[in-house]
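The values are calculated or read from the model by the stated rules, or taken from the named source; none is laboratory data. What you see is a predicted model; the values in this text were computed from it and never measured. Heads up, the Cβs are rebuilt from the backbone with ideal geometry, glycines too, and the neighbour counts pull from every protein chain shown. Ligands, DNA and RNA are excluded from the accessible area calculation, which covers all protein heavy atoms including side chains. Shrake-Rupley method; radii C 1.70, N 1.55, O 1.52, S 1.80 Å.
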Amino acid sequence: MASPGSIRPVRFQGPKGTRDFYPAEMARRRYIEQAWRTVSIRHGFDEIEGPTFESADLYAVKSGEAILGELFQAFSGKSPEEVEQVRSTGRAPYALRPEFTPTLARMFADRAASLPRPTKWFAIPIHYRAERPQRGRLREFLQWNADVIGEESPQADAEVIALAVGLFTELGLSGRHLTVRLSNRDLVSELLIESGVGEADLAAALTLLDRRDRMAAEEFARSCCQIGLDAAALAARLGEVQGEMNSALAAMENGGAMPPIARKSPAIGQLRGLIEALGAQGILKWCEFDFSIVRGLAYYTGTVFEVTAAGERAVAGGGRYDRLIASFGGPPTPAVGFGMGDVVLSLVLEEHGLMPEGERLAECLGTRPDAFVVSAGDESSDAVVAPLVAELRRAGLHARRSYKATKKIDKLLKDAAACYSRFAVILDETCSTGNVQVKNLDDGSQDTVMRTQLAQWITQHRSRAHV
Ligand code: HAM
């Protein structure tokens, strides 16, 4: 038996598919979050947030099969009825949020009467999906959501796509690294019907197309047969319209007029409008049509899109969901938006050497210390460290200090540089005369400054260093 007071250590690992964020990882995460927030605000979006768990039914009804299989279920276990429900149905009353769109639609529907049209919202929630962890896919991840609600014109579609492109540009990525692949569910639905699918099987056919890459060829062929889909005919039809639409996009990108499109349908009208709106935003060079994209979530209606990078899972995905808000009891309200995860985005940035590190990262985040105070003198200068650091902090400066007993100046300055401090404040024998030595760690220059003037001096020289 363990003696009282003795502790038997038990080691735990974080659950599979989750991450521990030590300071270096946290800084990289903040860099991405900061870019998401800055660009959202620049484009006129307001930040919102919702609960981290919702009624499981919210997702069961609104998100569709693809997400249902990935829910992390949640219940308190406190009520016997709840426990019995979970035992008998296998379904808990709550689920950790696997996505944000149903929450956003619920929130909009609740206050629809008082919200402006369009409403432009962004959020940076943590999501949970019980997926098999793999490159680019974890079980806990951050996802930037941006949505334009209450505007049905393709300008809203182009506005959210321009926001995603704005983010990529902010981070140094270009159309060489990423492609925005555009599609339209109404068009694909039209072509599915022309390829033998009945109206009743349309939803199943779209789900089948979305899962195609994850299915064996025979299984796909068998599933097509079951819903009367002639896959070869569909591929030919999709290819033909895709070619025409991509030529129209290229013509517009090169400053020409939009050529006529042989096929006439409302979906083609939407796509022509989308090309024009993307052209007005100056982002056609990022885009191409790819009608193999249908998106796995059940609520999407017209335009859908994904952003992809070579060799990676999708960086972002989104589209129109014009019926979702009404399905939550709100007025009929068109909406369009996307979600972008931090996992693949980080991989792409790292792959292209675009994730800043060290001092540059600290500079971007505004976390570089202004002063790192060290004592290289006797006990009387040691005694000045704590009050001086407190003074600097009261003056609004980011001040750190050495806790080491060593008086070796090289070692102390190395610690100052290791946390990317702008200045090292050295307390030495001049301390007794009311002076301190200030070393600029960016250019190596050194000044003697009166202690009473130090905060002001650093503030002035820090802002000069910033200009
Ligand atoms: P989604 O395609 O399911 O769409 O997810 C969007 C993005 O979230 C993906 O492209 C990926 O970057 C990231 N993501 C998804 N699952 C994972 C995972 N397991 N691990 C890491 N990252 C992941 C939606 O969620 C829609 N609700 C987006 C939306 C907003 N549509 C309209 N508005």
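The set of residues in the stretch 272-312 that are at positive phi and either within 12 Å of the ligand (Cβ to nearest atom) or charged (D, E, K, R) (or both) contains only Arg295. Report yes if Gly377 is on the phi > 0 side of the Ramachandran plot and small (Gly, Ala, Ser), otherwise no. Considered against the rule, which asks whether it is on the phi > 0 side of the Ramachandran plot and small (Gly, Ala, Ser), Gly377 comes out as no. The condition of being part of a strand (DSSP E or B), over 33 Å from the mean Cα position of the chain (by Cα) and not aromatic (Phe, Trp, Tyr) holds for only one of Val389, Val384, Val336, Val374, that being Val374. Would you say Arg181 is within 12 Å of the ligand (Cβ to nearest atom) and open to solvent by 40 Å² or more (accessible area, probe 1.4 Å)? Against the criterion (within 12 Å of the ligand (Cβ to nearest atom) and open to solvent by 40 Å² or more (accessible area, probe 1.4 Å)), Arg181 qualifies. Restricting Ala262, Ala326, Ala280, Ala298 to residues that are over 21 Å from the mean Cα position of the chain (by Cα) and closer than 13 Å to Ala158 by Cβ narrows the list to Ala280.
Table: residues versus (1) within 10 Å of the ligand (Cβ to nearest atom); (2) assigned by TED's automatic domain parsing to the domain that holds Phe291; (3) open to solvent by less than 10 Å² (accessible area, probe 1.4 Å).
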residue	(1), (2), (3)
Val315	yes, yes, yes
Asp322	no, yes, no
Ala326	no, yes, no
Gly329	no, yes, no
Val336	yes, yes, yes
Val343	yes, yes, no
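From the list Asp213, Asp157, the lone residue that is within 15 Å of the ligand (Cβ to nearest atom) and not assigned by TED's automatic domain parsing to the domain that holds Gly318 is Asp213.
Taking every residue in the stretch 352-381 that is closer than 17 Å to Glu33 by Cα and of a type in the set (D, E, K, R) and pairing it with any residue that is open to solvent by less than 10 Å² (accessible area, probe 1.4 Å) and not in a helix (DSSP H, G or I), at least 6 positions away or on another chain, the pairs with Cβ-Cβ distances below 9 Å are Glu363/Pro356.
Closer than 30 Å to Arg263 by Cβ and outside the structural domain of Leu104 (by TED's automatic domain parsing): is that true of Ala200 in this structure?
When the stated conditions are applied, Ala200 passes them.
The set of residues in the stretch 436-448 being surrounded by fewer than 18 Cβ atoms within 10 Å (Cβ to Cβ) and closer than 22 Å to Lys407 by Cβ consists of Asn440, Gly444, Gln446, Asp447, Thr448. Here Ala416 does not fit the description of being under 42 Å from the mean Cα position of the chain (by Cα), modelled with pLDDT of 95 or more, among the aliphatic types (A, V, I, L, M) and under 20 Å from Thr452 (Cα atoms).
Among the residues of the stretch 396-405, those identified as in a loop (DSSP other than H, G, I, E, B) and either closer than 20 Å to Glu363 by Cα or not assigned by TED's automatic domain parsing to the domain that holds Ala424 (or both) are Gly396, Leu397, His398.
Within the stretch 347-366, does at least one residue satisfy the condition of being surrounded by fewer than 21 Cβ atoms within 10 Å (Cβ to Cβ), more than 12 Å from the ligand (Cβ to nearest atom), outside any helix (DSSP H, G or I) and of a type in the set (Lys, Arg)? No, the stretch 347-366 contains no residue that is surrounded by fewer than 21 Cβ atoms within 10 Å (Cβ to Cβ), more than 12 Å from the ligand (Cβ to nearest atom), outside any helix (DSSP H, G or I) and of a type in the set (Lys, Arg).
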